[in-house]
Structure formats: C-alpha cells, structure tokens
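Everything on this sheet refers to the single structure shown next.
Where a number appears in this text, it was derived from the coordinates with a stated rule and is not lab data. Predicted model only: the values in this text are computed from it and were never measured. Cβ atoms come from the backbone with ideal geometry, glycine included; neighbour counts cover every protein chain shown.
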C-alpha cells in the first residue's frame with residue numbers, strides 16, 4: 001500500500017468522527033453533538049487559552065494535542081461517565097493501530113501520552129479546553145431551560161485546573177449563549193428606528 005493510500009485510510013477514519021455521537025447528552029436529556037464537532041471546539045478553546053498563556057506555552061504542540069485527544073474514539077466509540085463505570089477502552093492500542101507505520105506515529109503517541117499524564121502546561125490547557133467546550137454546550141442547554149444543565153455545569157467547573165480557565169469559565173457562565181448575535185441584531189434595529 002502506498003503512503004498516500006495509507007493517508008487516505010486515515011482520512012476516512014477521521015471522517016467517521018463526524019458520525020459518532022457524544023453519548024453524555026443522552027443522560028442530560030437534551031442537546032446533541034458528534035465527536036468531530038467537539039474536537040473542533042476543544043481545538044478552538046485550546047487556541048484561545050494558548051493566546052492567554054502566550055510566551056509560556058508551545059502553541060503548536062497544544063493544538064496538535066487537542067486535535068488528536070479524541071481521535072481514538074473512531075475505534076472505541078465515545079464512553080461517557082456512566083459507560084466508564086462499566087467499560088474500559090484500550091485507548092493506546094486504538095491509537096497505535098490507527099497511526100501504525102506512519103512517519104509521525106511516535107509523535108502522535110507521545111502527544112497522547114503527555115495529554116493523559118496531564119503534567120505539562122500544554123496538557124493542562126487541552127484538559128481545560130475539553131471541559132470548557134463541554135461548558136459552552138451546557139450553558140446553551142441551561143439558557144434553553146434544561147433543568148439539569150446547571151448541575152452538570154457545576155461539576156464541569158470543578159474539573160478546571162488553570163486559573164485562567166476558571167476565569168474564562170466564569171465569563172462563560174455570565175454570558176447568554178445567544179448574546180454574540182442577538183445584541184448586534186437589537187442594536188441594528190434600534191439604530192434603524194432612531
């Protein structure tokens with residue numbers, strides 16, 4: 001098999017993440033998201049946190065770590081907190097097999113291992129980005145009147161590690177999910193009426 005064919009297979013595997021649903025929403029009762037959408041949110045949160053910690057963090061490494069943090073779910077599926085009480089995925093095996101024989105296999109495995117150890121600033125940023133992305137979704141559900149979202153937000157907030165992440169979470173909780181467009185729309189209407 002050629003190198004390009006091997007990469008093509010990896011692209012199809014990555015594309016599967018667009019169809020694998022995150023299963024925690026079943027327990028929340030509302031909301032829906034696939035693993036690829038979540039991964040985008042984690043990468044974007046990582047990017048923002050790296051800007052806050054600019055000069056103290058290897059942004060390239062953190063973004064790669066965020067991009068890959070749930071890649072293995074193409075093989076294992078998404079295990080939510082309840083599933084993890086009863087099941088355990090062989091995450092390293094899934095990741096090793098996904099990237100086996102590729103020239104960047106070692107880089108991917110090292111990034112994932114660093115993420116799981118959660119000792120470096122980059123790993124802590126990605127862990128917090130993972131939680132912050134969840135909090136964005138939960139805040140939307142809270143604003144849309146899901147009575148359980150508040151409890152989930154409280155639990156998620158306690159998982160944050162870094163002070164800057166905690167400050168960002170507070171701002172998130174103080175902001176309505178639709179304010180980024182609704183305030184602008186209302187401003188535009190008010191300007192037209194005057």
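Points to keep in mind about this one:
- Calculated FRET value between residue 10 and residue 86, using beta carbons and R₀ = 35 Å, to 0.05: 0.70
- Kirkwood radius and radius of gyration were both taken over the C-alpha atoms of the chain, and their ratio Rg/Rh is 1.02.
- The ranking of 5, 127 by Cβ neighbour count inside 10 Å, starting from the fewest, reads 5, 127.
- Computed over the chain: relative contact order in percent, which uses C-alpha pairs under 8 Å that are six or more apart: 21 percent
- The ranking of 60, 128 from fewest to most other beta carbons within 10 Å of each one's beta carbon is 60, 128.
- Distance between the pseudo-spin-label points of residue 183 and residue 75 (7 Å out from Cα toward the beta carbon): 4.5 nm.
- Sorting 155-161, 12-18 by their mean Cβ neighbour count within 10 Å, with the most densely packed peptide first, gives 155-161, 12-18.
- Which of 37, 2 has the fewest Cβ neighbours within 10 Å, and the rest in rising order: 2, 37
- The sum of -39500 (n - 2.57) across all DSSP H runs of n ≥ 4, divided by the residue count of the chain, sets its helix-only mean residue ellipticity at 222 nm to -22000 deg cm²/dmol.
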